[in-house]
2 protein chains.
Amino acid sequence: MYPDPKSVTRVTTIGAGPIGAGWAAHFLARGYDVTAYIHDTAERDSFDAIVDTGWVSLTALGLADGASRNRLRVVTDIAEAMEGAEFIQESAPERLDLKQALYKQLGEIVPPAVVIASSTSGMMMTDIQADCATPERTVIGHPFNPPYLLPLVEIIGGKKTAPEAVTWARDFYEVAGKAPLVMKKEIPGFVATRLQEALWREALHMVANGEATPEDIDIALKNGPAPRMVVQGQCMAFHVACGAGGMATNLDQFGPALKWPWTRLEAPELTQELRDRMVDGCNEIAGDRHFEDMAAERDRKIVAVLKALKEG
Amino acid sequence: MYPDPKSVTRVTTIGAGPIGAGWAAHFLARGYDVTAYIHDTAERDSFDAIVDTGWVSLTALGLADGASRNRLRVVTDIAEAMEGAEFIQESAPERLDLKQALYKQLGEIVPPAVVIASSTSGMMMTDIQADCATPERTVIGHPFNPPYLLPLVEIIGGKKTAPEAVTWARDFYEVAGKAPLVMKKEIPGFVATRLQEALWREALHMVANGEATPEDIDIALKNGPAPRMVVQGQCMAFHVACGAGGMATNLDQFGPALKWPWTRLEAPELTQELRDRMVDGCNEIAGDRHFEDMAAERDRKIVAVLKALKEG
């Protein structure tokens, strides 16, 4: 029913803010014809400014063949914006009533084989699609700001979403140069925001208690966990740091520390099942690679990142 | 009483593990004479392997004038290891009884003007220094793994530590090429580990609940928050993302979201005082810089990081 994700050439974005305009810049850079719906012509200048800003970085990273800033059309009529669209990326304001009304309207005017993805970071698709007559093709496609630079897109459907639409969105985002992550369950905050939010809440606790200043928080992150996290992620960082024993050694050795008051977040019970999921998961990521090779790769990439930051 | 931090030329490291050997590699690369105490000659091969691995990256990052892998002396006699040392970096196993006995011994044989820093990630200096006769010069100097690559060192004294020793350690680490962070209070997990641990516990909750796999966690981090966090830290990331309104806009707009179940970590009450601390802190970091310039710098650096990761 859905078209081949590789055949898509025309994308419509909705929203004039940093996310909507950032998406427009991204799709332009990947060689799509982009129609951008903005609510009001008064938003045009700030929309253009965001696209212009993004274009500098996108050019530096390398544009797709035929990509052009001129393949953008900006309109204020929603029906006109949907004409010929083969994919819709919605980044309207984060208000449920507004999104529900919008999806009701889109559900009527957008052909049902066109997938509609929402950039929402806080809402569930089950709620957003409540009044939509054709909810099967509506999914969450949540980017990270700035969406023209950070590759992650978290994808999940609502209760009425067809699994095929989720698969299609994943395939399409991959073709469109993003790093799609299909979520297992519809949970508030999705995956990346939950992790970031846990860190953020702990940071607020520390500032509230006079244990650290915002500057301390940022110095600690930029010079400690972050240069490694960008290279490995937290699971593989611990897996590789523990040598041949990997994640099993980590959990067996530091398991008791989960009970210590290192953060206000209570850890889950370290059951055998959780232990196995963590260990098996890391072993799967590692595949045939020896931990020493992974450590060497980590170091090489951290060196490259540190050099890039110094020169950047 | 303490020597000029710039005058230090001889450092002693204690410990043969990844942290102890990693520190030895770091100090060698910065041009120090390093004496490394290891508990047993059987540990020599793995100690050397870690220094060799670190040396590859340290060479790539650039060695200090006169730095040489040959300026390393490895000994198994603790008294011999302390001879002529002008700074001690202790990375013994994470057992309180063992550290307390070690600091009792060091307190007697190391001249009192020599600062002794512990790499411990889990213990308080107040506990470690309990049996030390000369505790004034003992501090925490907690690195991030691998210590030869990640710049952060978190510093704090115990109840018996002299404030001058903390200041000296900060100045010395800075001279020695690290990014020192003096903590405000002696809290479990310090600053960076608390932030990382909050994120890690949330990750374990998600895996335990079948909401994500370890692979999902790492994909989300590497492609979402991490490439930005390595450039900005979480406070300035939010400050700059909110445009001219900065952190104030962030807290006013997303404050209610602190009550949402985005992570299992309960947020602190967003009091006026906490709000002001966050806003003032970010404004201080920003100084005279306009948010658009900071956003442009962020983008330029993320581009450099993404390119470095691709080529690395």
Can you tell which of B:Ala21, B:Ala16, B:Ala36 is in a helix (DSSP H, G or I), at pLDDT 95 or above and in the same structural domain as B:Gln105 (by TED's automatic domain parsing)?
-> B:Ala21
Please state which one of A:Gly281, A:Gly233 is outside the structural domain of A:Ser121 (by TED's automatic domain parsing), touching a helix residue (DSSP H, G or I) at 6+ places or on another chain (Cβ under 6 Å) and at positive phi.
-> A:Gly233
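Return yes or no: is B:Ala286 of a type in the set (A, V, I, L, M) and more than 7 Å from chain A (Cβ to nearest Cβ)?
Yes: the conditions hold for B:Ala286.
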Which members of the range A:245-273 meet the condition of being of a type in the set (S, T, N, Q) and either assigned to a loop (DSSP other than H, G, I, E, B) or surrounded by fewer than 18 Cβ atoms within 10 Å (Cβ to Cβ) (or both)?
-> A:Thr249, A:Gln253, A:Thr263, A:Thr271, A:Gln272
Odd one out for A:Trp23, checked against (1) under 12 Å from A:Pro146 (Cβ atoms); (2) in contact with an Asp or Glu (Cβ under 9 Å, 6 or more places away or on another chain) | (2)
What residue, among those in the range A:174-216 that are more than 7 Å from every other protein chain (Cβ to nearest Cβ) and of a type in the set (D, E, K, R), is farthest from B:Glu197 (Cα to Cα)?
-> A:Glu174
The lone condition B:Ile219 fails out of (1) within 16 Å of A:Met183 (Cβ to Cβ); (2) crowded, with 24+ Cβ neighbours inside 10 Å is (2)
Residue count, the range B:243-273, condition in contact with a Leu (Cβ under 8 Å, 6 or more places away or on another chain), of a type in the set (Gly, Ala, Ser) and at the interface with chain A (Cβ under 9 Å from one of its Cβ atoms), comes to 1
Given B:Glu311, B:Glu269, which one is over 30 Å from A:Gln232 (Cβ atoms) and of a type in the set (Asp, Glu)?
-> B:Glu269
Could you grab the pairs with beta carbons closer than 6 Å, sequence gap of 6+ or different chains, first residue in the range B:225-237 and at the interface with chain A (Cβ under 7 Å from one of its Cβ atoms), second one of a type in the set (S, T, N, Q) and assigned to a helix (DSSP H, G or I)?
-> B:Pro225/A:Gln196
Counting only helices (runs of 4 or more DSSP H) entirely within the range A:136-244, those with at least 3 residues that are more than 19 Å from the chain's Cα centre (by Cα) are A:192-208, A:214-223, A:225-241
Kindly check whether there is at least one residue in the range A:39-60 that is within 23 Å of A:Phe172 (Cβ to Cβ), within 23 Å of the chain's Cα centre (by Cα), part of a loop (DSSP other than H, G, I, E, B) and modelled with pLDDT of 95 or more.
-> no
Restricted to the range A:274-283 and to residues being more than 8 Å from every other protein chain (Cβ to nearest Cβ) and of a type outside the set (A, V, I, L, M, F, W, C), the residue surrounded by the most Cβ atoms within 10 Å (Cβ to Cβ) is A:Arg275
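The values are calculated or read from the model by the stated rules, or taken from the named source; none is laboratory data. All values derive from a computational prediction rather than experimental measurement. Methodologically, a virtual Cβ is constructed for each residue, glycine included, from the backbone with ideal geometry; neighbour enumeration extends over all protein chains shown.
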